[in-house]
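Note sheet for the following structure.
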Amino acid sequence: MKPSISKSMRRRDPVGFTLVEVLVALAILGILASISVPNFRLYRAKAEYASMRAALRHLMDGEDFYFMSNTAFFPRSGSITIPSGTARDIPELAYAFPQGHKNRYTIRGTNNANRNRYIIDVLCDFDANNNGRNDQYTATMDIQRGVVRLNRVIVQLQ
């Protein structure tokens, strides 16, 4: 003989989540988001910094090769400005700025009997050192009367 169970005592299969379960899941997601968002910003700033340094190194290598071929730095006099976001090909330095790049570059050259020098200024669209201002870097090579005074020096100005 089978014992009889009343309808109120029968157990039903759950159809969804309880309010407590949903609130716990949302609390866990909130904690994970509060941890991951600052880390994401940090990694993004590091990636932008690494990209800028790579572009700067390529430009400095291009200047060195240009000097070996022409005994002068590029540009021979004056400056070239590459605004942020604009694509620009500089075949003399074997470098092409891609569309949408984040930084503004200015390349200056001085070449005469006493001095050969290039200065590459970079105004960044990020703050890698967390001082509240966008970073600014300068790369320099300076040769005076055949003597190297500064050799591929990179200085952070801000």
**OP:** Could you please find all residues in the range 68-86 being under 17 Å from THR106 (Cβ atoms) and assigned to a loop (DSSP other than H, G, I, E, B)?
**Re:** PHE73, PHE74, PRO75, ARG76, PRO83, SER84, GLY85, THR86
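Could you check how many residues of the range 141-157 are of a type in the set (Val, Ile, Thr) and farther than 12 Å from ASN116 by Cα? Spell out the reasoning first.
Quick first cut of the range 141-157, residues of a type in the set (Val, Ile, Thr) only: 143, 147-148, 153-155.
Subsequent filtering for residues that are farther than 12 Å from ASN116 by Cα retains 153-155.
Going through the range 141-157 one residue at a time, the tally reaches 3.
State all residues of the range 75-107 that are among the small types (Gly, Ala, Ser) and within 21 Å of ASN134 (Cβ to Cβ); if no residue qualifies, say none. Let's see the steps before the verdict.
First, pick out the residues of the range 75-107 that are among the small types (Gly, Ala, Ser): 77-79, 84-85, 87, 94, 96, 100.
Scanning the range 75-107 gives SER79, SER84, GLY85, GLY100.
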Original post:
In the range 112-120, is there at least one residue being within 24 Å of ALA45 (Cβ to Cβ), outside any strand (DSSP E or B) and not hydroxyl-bearing (Ser, Thr, Tyr)?
Top reply: no
**OP:** Return yes when ALA45 is more than 18 Å from ALA139 (Cβ to Cβ), surrounded by 14 or more Cβ atoms within 10 Å (Cβ to Cβ), modelled with pLDDT under 95 and of a type outside the set (Asp, Glu) and no when it is not.
**Re:** yes
**OP:** Show the residue pairs that are 6+ apart or on different chains and have beta-carbon atoms under 9 Å apart, the first residue being within the range 113-124 and farther than 13 Å from GLY78 by Cα and without any contact (Cβ under 8 Å) to a residue 12 or more places away in the chain, the second being among the aliphatic types (A, V, I, L, M) and assigned to a strand (DSSP E or B).
**Re:** none
Subject >> Long-range neighbours under 8 Å by Cβ, at least six apart or interchain, first residue surrounded by fewer than 17 Cβ atoms within 10 Å (Cβ to Cβ) within the range 127-148, second β-branched (Val, Ile, Thr) >> reply: GLN136/VAL122; THR138/ILE119; THR138/ILE120; THR138/VAL122; THR138/ILE154; THR138/VAL155
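Counting just the residues of the range 44-67 that are among the acidic types (Asp, Glu) and in contact (Cβ under 8 Å) with a residue 60 or more places away in the chain, which one comes out farthest from GLY109 (Cα to Cα)?
Quick first cut of the range 44-67, residues among the acidic types (Asp, Glu) only: 48, 61, 63-64.
With the extra rule that they be in contact (Cβ under 8 Å) with a residue 60 or more places away in the chain, the set shrinks to 48, 63-64.
Details: GLU48: 26, GLU63: 10, ASP64: 12 Å.
Per the stated criteria, the residue is GLU48.
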Subject >> Count of the range 127-158 residues which are in a loop (DSSP other than H, G, I, E, B) and over 21 Å from ALA47 (Cα atoms) >> reply: 2
**OP:** Kindly provide the set of residues from the range 72-89 that are farther than 19 Å from THR138 by Cα and in contact (Cβ under 8 Å) with a residue 24 or more places away in the chain, ordered by number.
**Re:** ALA72
Subject >> Among (1) in a loop (DSSP other than H, G, I, E, B); (2) in contact (Cβ under 8 Å) with a residue 60 or more places away in the chain - the single one GLN99 does not satisfy >> reply: (2)
Subject >> Selected residue (criterion: nearest to HIS58 (Cα to Cα)) from residues of the range 91-136 that are over 14 Å from the mean Cα position of the chain (by Cα) and among the small types (Gly, Ala, Ser) >> reply: ALA94
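The values are calculated or read from the model by the stated rules, or taken from the named source; none is laboratory data. Model, not experiment: these values are computed from the prediction. Counting neighbours? That spans all protein chains shown, and the Cβs are built from the backbone with ideal geometry, glycine included.
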